[in-house]
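Data first, discussion second: the structure below is written as structure tokens.
The values are calculated or read from the model by the stated rules, or taken from the named source; none is laboratory data. Everything numeric in this text was worked out from a predicted model, so none of it was measured. Don't worry about glycine lacking a Cβ; one is built from the backbone with ideal geometry, like all the others, and counts go over all protein chains shown. SASA here: full protein model, heavy atoms, side chains in, ligands and nucleic acids out. Shrake-Rupley method; radii C 1.70, N 1.55, O 1.52, S 1.80 Å.
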Amino acid sequence: MVPLMVLIAYGLLGLPLAAATLPLYVHIPNYYAVDLGLGLAAVGGAMFLMRIWDVVTDPLIGILSDRIGGRYGRRRWWVGMGIPVAMLGGWMIFRPPLGADITYLVVAGLVLHLGWTMVMLPYQAWGAELSRDYNTRNRIAAAREMFVIAGTLVAGGLVAMAASPADRGHALGIVGLFLAIGLPLSAIPLFWKVPDPQIAAVTAKVSWRQGLSVMVGNRPFRRLLLAWVLNGIANGLPATLFLLFVENIVGAPQQSGLFLLTYFLVAVVGMPVWLWIARKFGKHRTWCIAMIWACGWFALAPLIGVGDGGLYLALCIGTGFALGADLALPPSMQADVVDVDTAALTKAGGGAARTGVYFALWGMATKLSLALAVGIAFPLLDWAGFQANSLETSGETALVLLYGFVPIVFKAGAIAVMWHFPLSLNDQEALKARIEGVG
């Protein structure tokens, strides 16, 4: 059992990490392209280059953080090394000097994304390694994600400050300051209170071919990753289309803040409920139940029209409740599937956990699902002839279907993949015994 104070100390770093994410992807492109006059094409190319940089750095940092560490542990060392890099990159990109050009944006973005990866991947792997207990892992993931939600709410307030171009630069400067102060302050209890589990020495190392074969043969990981991508697209579509739906279908853009706040607050309320259910029925079945619950609420989307703010608020409450399971249970299951890999490597004589590599792949899948959501939504809306804030309604049906119906299809696919997921409490206990040399 991980003590409550350790859970809080671990989760706290998620707050500043999440607080900067929304402004980075929502306001930074427009700020540099329009307010600083760098142009949409140039800024779009810079943002694309940052994504390509992630594809390189994610697996690299994942591998290195599994293999290299200092006297105070592997994960603590990498998070400590990454925080100054992330602080520098955040300060640069959120507080640009006068005359900042596209080269400045590219350099600042690459520095920030490198620091982000150096912090985030070891941080997530650290949580997965805090316990091998099936249910305790739920509490660890939930502690982190509750602070992530809190950071997202902080970001929502900062985004509100940046509603007009005149205020955008000031608000983004506050984000940079918050990041510079919040990252080191939240790292203090993490380094002080949270143990960084030592990995036992390995008597023999498997070859890279054997290691790759074990990873490819990890069937629970493949299934979980596929379900995560499908559900990520399902969640990414309404997130991408949220403002368009509120403005053009509900007709209440002034209430968008209320809808978002409700959505995330209900997720916090729902998280302990889903954890309780998971103790009774297992993680994968509980996650499936949560996705089925969300599908029922998304089915309300075609019934919503102009003036139906109350009905849309109910949809936000229902889907927000399911979000609590989405945030807590899949990362906990990710820690379990790493045990499959570790047990197989232990049998082959090279049993050091490759948690960082697995979470790097997990992070890349997350980014892929978000990119696919945008890549699906906007071209189809354009093809359907949708025009925002227009009297022309020919594309509104497409907007409603993409917001409410298509997510149900993707969630149904994720449910089909996960319903008979081959890793239960008993399976994980057996894996734990093998890894620890008991079974």
Expressed as a whole-number percentage, the relative contact order of the chain with C-alpha contacts under 8 angstrom and at least six residues apart is 24 percent
Expressed per residue, the solvent accessible area of the chain in Å² (1.4 Å probe) is about 43 Å²
Measuring from its Cα centre, the chain shows a charge dipole (+1 at each Lys and Arg Cβ, -1 at each Asp and Glu Cβ) which, in debye to the nearest 20, is 1600 debye
Excluding near-sequence neighbours (fewer than 8 apart on one chain), the chain holds lysine pairs with C-alpha atoms under 25 Å apart numbering 10
Put W78, W126, W383, W297 in order of accessible area, largest first, probe 1.4 Å, and you get W383, W297, W78, W126
Length gained, Y72-T366, 0.36 nm per residue minus C-alpha separation, equals 102.9 nm
Placing each pseudo-label 7 Å from Cα in the direction of the beta carbon, F405 and F48 end up separated by a distance in nanometres of 3.2 nm
The FRET efficiency for I292 and V216, from their Cβ-Cβ distance with R0 = 41 Å and rounded to 0.05, is 0.85
FRET efficiency for A314 and V107 from the Cβ-Cβ distance with R0 = 60 Å, rounded to 0.05, comes out at 0.85
Filtering the chain for DSSP H helices with an axial alpha carbon extent of at least 24 Å and a Kyte-Doolittle mean of at least -0.5 returns 40-67, 74-94, 102-129, 136-161, 165-193, 219-245, 256-281, 309-348, 355-383
A student asked for the Cα radius of gyration and Dmax of region 281-414 in angstrom ought to give 19.5, 67
Distance in nm between Y25 and A100 label points, each 7 Å along Cα→Cβ, equals 2.0 nm
Output ordering of 252-265, 174-187 (per-residue mean of other Cβ within 10 Å, highest first) is 174-187, 252-265
For M87 the rounded accessible area (nearest 10 Å², probe 1.4 Å, non-protein molecules ignored) is 50 Å²
Note: region 48-180 at 25 °C, 0.890 mPa s; Kirkwood Rh on alpha carbon pairs; Stokes-Einstein D in µm²/s works out to 149 µm²/s
Taking a label point 7 Å from the Cα of M1 along Cα-to-Cβ, the residues of region 117-138 whose backbone nitrogen sits under 18 Å from it are 130-138
Region 6-109: Kirkwood hydrodynamic radius (Cα pairs, Å) comes out at 15.5 Å
Here, W192 and M81, labelled 7 Å along Cα→Cβ, have an inter-label distance in nm of 2.5 nm
The distance between the Cα centres of region 1-56 and region 315-374, in whole Å, is 20 Å
For L244 the rounded accessible area (nearest 10 Å², probe 1.4 Å, non-protein molecules ignored) is 40 Å²
